[in-house]
Each structure stands twice: as structure tokens, then as C-alpha cells.
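The values are calculated or read from the model by the stated rules, or taken from the named source; none is laboratory data. Remember, it's a predicted structure, so these values are computed and weren't measured experimentally. Backbone-built Cβ (ideal geometry, glycine too); neighbour counts: all protein chains shown.
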Amino acid sequence: MPTLPIDGREIHYTENHPDGAHATLLLIHGAGGSHLVWPEAIRNLADVRVLALDLPGHGQSAGPGRRNVGGYTAVVESLMNQLALSGAIVAGHSLGSAIALTIAQRSAVPVKGLILLGGTARMPVGEALLGGWSAAPENAAALVAEQGFAADLPDAVEAVRSELLATGATTCFGDFLACERFDFRHNLSAIIQPTLVIAGDEDRLTPLRFSQSLAAGLPHGRLVTLAGAGHFGLIEQPEEVARLMLEFIGQI
């Protein structure tokens, strides 16, 4: 994986740059994850330059992690500036969607559009889960992984659980604290970019009503629901999510 120095640490990312690419898409993973949450069908979209990073303290990127969305946003903005990604489309899953919204709102790096998966304008996670990362990280990781899927995909559940534990309790706690602190409700009207909101209708971590409210509050938001999918709908239905992304990219 190529790397970039940001704040004195190496940040890893992947890139697929097909000949004749007509758009650029940056993928931002969620809490405790890495670029691997994005299936190959999404990381290899036809005719699109696709980059997927590991946030600090995640995957192959050096830590430490951050404890607020603004801290992660600054890292992603630095990466975008170094790679000249002005005008890219930014996609985020869960915590990554909060980062994507904040990038668009701050406008330090212009973006063409947003794709938000499992996202919401406010992300309360509760004291029980926050405390779980300190008291019983194995249980916290299992809870997130098991609650994250609607389909019966034991291998995928185990992959998410293992990734969370590999990221580590300290970084995961910081990520979920960042979610808990995030409240974008009063900034939605400032997002002028076309935005695709993708939500699973059986999402137990970010229930559908929150994604519905998010899309309704965005001036140019559109909601697409994945039937029978949970919070990790991008893993449960990768081909459909890839199709929706390509369709959206072709329209803006």
C-alpha cells in the first residue's frame, strides 16, 4: 500500500486508477475498521479512480487514533490536499459518513458529491458500549459485529469482530466517543453537494429512521434503502451498493 506522511505518521491507502477514469472517489471506513470494509466490487468500480485510506491507528496506518470527528477530518483533508483530490466524491461508512459530511461543510477541500452509508446527523452510541471498550472489549467487539448484520454471514461477522479487536480497545473507544460527540443536525442545510444516502432497512446500529431524517435534512439528499440489509449493507450487498454508487457518480 502507498503511504503519505501526515502529522509525522505514515497513513496508508489503496488506489485503483483505471485508464480513462472519469471521476475520483475517496472511501472512508467507520469506527474500528479499515479500508478492508469496502469490498473489491466497490474498490474497483469501472471507470472510476477509487482510493480507500486507513485512518490513523487503523489497518496499516500508524496511530494514534482521534477522539473527535474534527481530528479525523483534518487527516483526510491533508491526504486529499497531498493527492490533489479537489473535486472528488467522498463516500463514508458510519463514522466515515460523519467525516465526509464535515469535509463538505468545512470546504477546505472542495468535493463534488457525497455517498453516506449507515450514516446519520447524530450518532449516540450510549454509555454501555462506550464503557464496554474499557471493561470488556471482547464483548463490545462481538456486540458491534453481531448487531451489524441482518443477513446470516458468520464469516463476515467474524471478520468485523477480528478487525475491531486488531484495532484495539483504546482506538475503538476513541472512535465511538467521536460518534457520541458528533451532532451535525444544525449544519445539514449547509451541504450543497448532491448526496446519496444508502441505508439498510434492518440496520440495528443506525436505525433506518435516522438515515431517513438525514436525507430529508440535506438540500440535495436522496435516500436508497437496501432491503434485508443491516449496518454493514456494503458487505451484505456489495454488487448492489457498487451499482448505486456508479449510477450516482454518473448523474453528478
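Observations, loosely collected:
- Every residue from the range 69-89 that is in a loop (DSSP other than H, G, I, E, B) and either surrounded by 17 or more Cβ atoms within 10 Å (Cβ to Cβ) or touching a strand residue (DSSP E or B) at 6+ places or on another chain (Cβ under 9 Å) (or both): LEU83, LEU85, SER86, GLY87
- From the options ASP47, ASP54, residue that is at pLDDT 95 or above, under 19 Å from PHE176 (Cα atoms) and acidic (Asp, Glu): ASP54
- Residue in the range 5-19 that is part of a loop (DSSP other than H, G, I, E, B), modelled with pLDDT under 95 and touching a strand residue (DSSP E or B) at 6+ places or on another chain (Cβ under 6 Å) present: yes
- ASP19 on the phi > 0 side of the Ramachandran plot, of a type in the set (Asp, Glu) and either surrounded by fewer than 18 Cβ atoms within 10 Å (Cβ to Cβ) or without any contact (Cβ under 8 Å) to a residue 12 or more places away in the chain (or both): no
- Check on ALA150, at pLDDT 95 or above and outside any helix (DSSP H, G or I): yes
- Output for the range 34-72, where each listed residue is free of Cβ contacts under 8 Å to residues at least 60 places away in the same chain and of a type in the set (A, V, I, L, M, F, W, C): VAL50, LEU51, ALA52, LEU53, LEU55, ALA62
This table checks each residue for (1) out of contact with any His (no Cβ under 9 Å at 6 or more places or on another chain); (2) among the polar types (S, T, N, Q); (3) within 23 Å of ASP47 (Cα to Cα); (4) surrounded by fewer than 18 Cβ atoms within 10 Å (Cβ to Cβ).
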{"position": "ASP175", "(1), (2), (3), (4)": "no, no, no, no"}
{"position": "THR195", "(1), (2), (3), (4)": "no, yes, yes, no"}
{"position": "GLN212", "(1), (2), (3), (4)": "yes, yes, no, yes"}
{"position": "GLU240", "(1), (2), (3), (4)": "yes, no, yes, yes"}
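- Given (1) farther than 20 Å from ALA91 by Cα; (2) in contact (Cβ under 8 Å) with a residue 24 or more places away in the chain; (3) under 18 Å from the mean Cα position of the chain (by Cα); (4) not in a loop (DSSP other than H, G, I, E, B), index of the condition ARG161 fails: (2)
- Scanning the range 154-199 for residues that are under 30 Å from GLY228 (Cβ atoms) and among the hydroxyl-bearing types (Ser, Thr, Tyr) returns SER162, THR167, THR195.
- Top-ranked residue in the range 154-170 [being surrounded by 22 or more Cβ atoms within 10 Å (Cβ to Cβ) and of a type in the set (Val, Ile, Thr); ranked as nearest to GLY131 (Cα to Cα)]: THR167
- The residue that is nearest to GLY119 (Cα to Cα), among those in the range 221-244 that are over 16 Å from the mean Cα position of the chain (by Cα) and of a type in the set (D, E, K, R), is ARG222.
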